[in-house]
1. In bins 5 Å wide, starting from 0, what share of all Cα pairs of the range 263-318 does each bin hold, as a percent?
2. Applying 1/(1 + (r/R0)^6) with R0 = 41 Å to the Cβ-Cβ distance of Ala568 and Thr311, what FRET efficiency is obtained, to the nearest 0.05?
3. What nm value, rounded to one decimal, do you get for the distance between Lys429 and Met248 when each label is placed 7 Å out toward the C-beta?
4. So, with a 1.4 angstrom probe, what is the percent of accessible area on the chain that is carbon and sulfur?
5. What does a probe at Thr264 reach in the range 43-78, counting residues whose amide N is under 12 Å from the point 7 Å along Cα→Cβ?
6. With every protein chain present, what is the per residue accessible area of the range 286-337 (1.4 Å probe, Å²)?
7. So with the 1.4 Å probe, I'd like the accessible area per residue for the range 447-587, rounded to whole Å².
8. What spacing in nm lies between the two simple spin-label points modelled at Ala357 and Glu436, each 7 Å away from Cα in the Cβ direction?
Amino acid sequence: MSRLYSVSFLIVVSVSLAACAGDPSADARAHVASGDRYVSAGKFAEAIIEYRNALKGDPKSGETRYKLAEAYSKSSEPMKAFQEYLRAADLMPQNRETQLKAAGGLLLAGRFEEVKDRVEAFLAKSPRDGQALLLLANALAGLKDLDSALAQVEEAITLDPTEPRRHAVLGTIYMARRDAQRAEAAFRKALELKPDDVAVLLALGNFYWASGRVADAEEAFLRAYRHAPESLSPNRALATLYASTQRMPDAEPFLKRAVALSPTFRPQLALADYYVSLKRPADAARILEGLLKLPEAVSEARARLAAIDYTAGRTREAFARLNEILRDDPKNVRARLLKVRLLVDSRQYDEAAATAAQTLEIDPTSAAAHYTHGALLEARGDRRGARRAYLEVLRLNPRAIQAQLRLSEISLQEGTLDLAVQFAAEALKDEPVNDEARMKLARALLARRDVVGAEKEIKILVARYGNSAAVQTLAGLLRTQQGDYVAARGAFSRALAVKPRSPEALDGLLTVDAATNNLEESRARIAQSLSARPDDPELLLVAAKTAILRRDWDEAERTLRRVVAVDASNLTAYVMLGTAYANQGKL
């Protein structure tokens, strides 16, 4: 009897276990419960594993997907969080929190039309939801419908005028409308309502920075930092501000603090990039070698180590690292683009073109891929193709500053001066603190002989970078156009004091010497520069121009022949050589 009972008991237990094992929903619930416990303990990596296991048994559980998204978010994995918020929102169309977080992710991804559609559907049922109104406003701003965006923010403020972040969003809309006075007033109103709101202080700092008021931006970021020194965002903002304004020693402690505060590897990459910019590759490599142990960081770290190898002349090692990345991850766009740049630098144009074409097939919407393709075409002398590539970059990202600057440069080379001014002016409008854009604009204005406009920009540059050879050269070109040869000579001389063999400054002094009948001084000056760099094509062109102005056609011909021997693709040299032959009657 006891044996029969034991057998019966075993049968019942085994049947029960089989039933439990065969019940995916029960298994899913167990994993969710385990994930919840891990979240309570702050163990988000373990929670993620449990929620993902739960979804294997119940993939259509919107609640589980939402919990997974939250765990990804707390683990600082925004892309994975966004994907799960989106899936959860599709599974739970009535859930407010899920819908708004999905819309927020779409907003960060720049998918403004999708945000608009999703939020408008939500507002049809909840028309007085302030957060939804703000999301719609941001989407409309992204779609360049600023009037409608402004109306949505104003409605949100009407619903709750005491909520500071609504006034901050109003400030960002006014920024987009280029209404600096109202933007600042909106940000200040937000701070009046809550003086210690870190997000508002950071928004105000970004407004000041975009307006070129760097000192005010620094003060706003420092206020945010003082209120929340253990928060990642103020540390990251100060590090970025100091690095971009060349205050590297000030940037380093905030970069290190960001590394300590962040649960992800991203700030470590930023610190490594910082060390590379300071010409401290060993410090950068030490960080990157450590990141090779993290599976999620290995590709990024290898790519940066490849760039360090290449800069140090270790070309074979650089390409080996990139090929390792692409072997494990053939669709890694970042590694592919770096490989294209290295191939271009090595003048391996055919392989670079093939790699660029494959990359565009993998991701035709990548603005970075189109930009790199444009740089390749420009390096090969295909300005028309490069222009098309850069215009595609701007179609994908209208605020791509570097594409605007390259288009300005190409337009300047082609003599379409109005376009050169337009592209540079647009870049400067989008980023008023970008002095590279200001220099491009000044050059284009000088080429268009707009002395008044050029002088305004050059005065700003001289005030900021009086010891820059490039800026002093611009000042010299301006004074030359104004006919003030004494001031022009002084500016070009200051440029040469900083950069003794600057071809552009030497050429500027040549123009001044020609205007003041002092060509022998230019001849001696360029001869001295060539003694140090006898095969420099740019210096040789200045020497040839000096000979032409002195009407020494034999010397001009000899010098230009040296240019084409060194650089057979130098079109300027061929044009000048043709001029020299024509003036000698050698038709």
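1. 4, 23, 33, 24, 12, 3, 1
2. Numbers: r = 27 Å, r/R0 = 0.66.
That pair, Ala568 with Thr311, gives E of 0.90.
3. 3.5
4. Working: 16050 of 30180 Å².
The C+S portion of the solvent-accessible surface of the chain is 53 percent.
5. 72-78, by backbone N distance to the label point.
6. Details: 2850 Å² over 52 residues.
Per-residue value: 55 Å².
7. Details: 7380 Å² over 141 residues.
It amounts to 52 Å² per residue over the range 447-587.
8. 2.9
The values are calculated or read from the model by the stated rules, or taken from the named source; none is laboratory data. These figures come from a predicted structure and were not determined experimentally. Because the Cβ atoms are built from the backbone with ideal geometry, glycine has one as well, and the counts that use them run over all protein chains shown. Note: accessible area is taken over every heavy atom of the protein model, side chains too, but ligands, DNA and RNA are not part of it. Shrake-Rupley method; radii C 1.70, N 1.55, O 1.52, S 1.80 Å.
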